[in-house]
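Input: a single structure, listed below in structure tokens.
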Amino acid sequence: MPTIKPLKPELQKIAREQLHEVPGRIDEDLQTFKSWIEQQPHLKARTDDQFLIQFLRGCKYSLERAKEKIERYYTIRTKFPDKLGIYDVDNERFRETARLGCFTTLPVPLNETGCRILMYHFSYNPLEFTPVELFHPGVAIYDYLMIDDPYACICGTAFILDMAKATMTHFLHVNFPLLKIMVTYLEKSLPMRIKALYFVNIPSTANNFLKMFLPLFSEKLRKRIFLCGSLDELTQHIPLKYLPKYYGGENGTMEEHIQYLDAKFDEYREYFKENAKYGTDETLRQGNAFDADEDNLFGMGGSFRKIEVD
């Protein structure tokens, strides 16, 4: 029997209907996936059932898509270890950065049984923290969500990016190559669906940043991006109840969110350490090498609609 956490009935229903999961075939599907991984000399991947099943679920049980996604996941992490290799969550600088509250998760999923809501705030001094340091807590959050959070795994995630505290200095410190890696990692490598991205409290100084940032996403995901000039506009998409208390909602305080992350990093510290063992060795890869150069992560085709903010 596979070693995976049981799903609540409402989530199992979604897994069956939307992700094509057949409970009676999970063991067979996992064994087939593991067998393929073991035959790849260049790929050293985790083979925990709970880890691997997310690649199957995230790819709607298409084995070929799951193979491609886990390849990309480990290849990019190996290519950019300074950006994506978060193995020591007890590092003082990492914890200091995580406690800024830039990346947090809200405790109650959307509509109780829907996607997990993640927040991003520009709540840091850009002269004290580098863009890479700010990215690290977000990477770590997704690392544990993949094996810990059934709502994120089955229903996906929704981002709220609050730009109320963003200044021109923040935008001037944006690292464009890092943004490309971040978007590719989130959209192309992680086996979790991004259901929506909401930008709220957008200052006029953000126009150039958004024009640079938003076209990095695929056309499919650009259709799920919403520019909300105010909180009232955001509540047209997410009921106030499911927003944090500092917005007037009921979904936890910033202090509670930060404490929760601290506890999760404590809980999974050994898991993060183990992740250092895994990756790819391109000298052993058979066939064409995967192109993970910063300038070739993905095409830049497409354009975003005209951005208008108050």
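The values are calculated or read from the model by the stated rules, or taken from the named source; none is laboratory data. Everything numeric here is computed off the predicted structure, so don't read it as measured data. Cβ placement follows ideal geometry from the backbone for every residue including glycine, while neighbour counts extend to all protein chains displayed. With ligands, DNA and RNA removed, areas are computed over all heavy atoms of the protein, side chains included. Shrake-Rupley method; radii C 1.70, N 1.55, O 1.52, S 1.80 Å.
Going by amide H atoms built from the backbone, whose H comes under 5 Å of the H on Ile225, apart from near neighbours?
Here the answer is Leu197, since their amide H atoms fall under 5 Å of that of Ile225.
For Glu270 and Tyr246, compute 0.36 nm times the residue count separating them, minus their Cα-Cα distance, and round to one decimal in nm.
Full extension from Glu270 to Tyr246 adds 5.3 nm.
Pop the C-beta distance of Thr32 and Arg95 into the FRET formula with R0 = 45 Å and round what comes out to the nearest 0.05.
Efficiency, rounded to the nearest 0.05: 0.70.
Using amide H atoms built in the peptide plane, which far-off residues or other-chain residues are under 5 Å from Phe103 H to H?
Answer set, sorted by chain and number: His121.
Highest GNM mean-square fluctuation, the chain, Cα pairs closer than 10 Å: which of Ala98, Ala164, Ala263?
Among Ala98, Ala164, Ala263, the largest mean-square fluctuation in the Gaussian network model of the chain belongs to Ala263.
Loop only by DSSP, 15 or fewer other Cβ within 10 Å of the Cβ. Give me the GluC sites (Glu not before Pro) in segment 94-139 that pass, ordered by residue number.
Those that pass, being in a loop and sparsely packed, are Glu112, Glu128.
If you put +1 on each Lys and Arg Cβ and -1 on each Asp and Glu Cβ, how big is the dipole of the chain around its Cα centre, in Debye rounded to 20?
In debye, rounded to 20, the chain gives about 840.
State in Å² the accessible area per residue of segment 1-118; use a 1.4 Å probe, count heavy atoms of protein chains only, and round to the nearest integer.
Computed with neighbouring chains in place, this is 47 Å² per residue.
For a paramagnetic label modelled at 7 Å from the Cα of Glu233 toward its Cβ, which residues of segment 195-215 fall within the zone defined by backbone nitrogen distances under 17 Å?
196-215
On a full-extension model of 0.36 nm per residue, what is the gain between Asp262 and Asn125, subtracting their alpha-carbon distance, rounded to one decimal in nm?
Result for the pair: 47.2 nm of gain on full extension.
Normalised by the residues of the chain, what does the relative contact order come to in percent, with Cα pairs under 8 Å and at least six apart?
Over the chain, the number comes to 23 percent.
At 222 nm, what value in deg cm²/dmol follows for the chain if DSSP H runs of at least 4 each add -39500 (n - 2.57) and the sum is divided by all its residues, to the nearest 500?
After summing the helix terms and dividing by the residues of the chain, the value is -12500 deg cm²/dmol.
Taking a 26 Å limit on the Cα-Cα distance, which of the listed pairs Lys180/Lys241; Lys223/Lys264; Lys79/Lys277; Lys44/Lys69 fall beyond it?
Lys180/Lys241; Lys223/Lys264
Assigning unit charges at the beta carbon (Lys, Arg +1; Asp, Glu -1) and nothing else, what dipole magnitude in debye, to the nearest 20, does segment 120-195 show about its Cα centre?
So the magnitude is around 300 debye.
I'd like the FRET efficiency for Val22 and Glu112, computed as 1/(1 + (r/R0)^6) with the beta carbon distance as r and R0 of 41 Å, rounded to 0.05.
Efficiency computed from Cβ-Cβ geometry: 0.95.
Got a number for carbon plus sulfur as a percent of segment 1-154's accessible area, 1.4 Å probe?
51
Exposed loop sites here are trypsin sites (Lys or Arg not before Pro) in DSSP loop states with at most 14 other C-beta atoms within 10 Å. What is the longest stretch of the chain lacking them?
No qualifying site falls inside 224-304, the longest such stretch.
Quick one: what are the phi-derived ³J(HN,Hα) couplings along segment 96-109, Karplus 6.51/-1.76/1.60 with θ = phi - 60°, whole Hz, x for glycine and proline?
4, 5, 4, 7, 5, x, 5, 10, 9, 10, 8, x, 9, x
Using θ = phi - 60° and the Karplus relation 6.51 cos²θ - 1.76 cosθ + 1.60, list the HN-Hα couplings for segment 119-130 in order, rounded to whole Hz, with x at every Gly or Pro.
Using θ = phi - 60°, the values come out as 10, 9, 10, 8, 8, 8, 8, x, 8, 10, 10, 7 Hz.
Using each residue's phi in segment 142-157, evaluate 6.51 cos²θ - 1.76 cosθ + 1.60 at θ = phi - 60° and report the 3J(HN,Hα) Karplus result to the nearest Hz, with x for Gly and Pro.
5, 4, 7, 4, 4, 10, 10, 10, x, 6, 5, 6, 8, 9, x, 10
Once the mean 1/r over all distinct Cα pairs of segment 131-183 is inverted, what Kirkwood radius in angstroms do you read off?
Final number for the Kirkwood radius of segment 131-183 is 13.0 Å.
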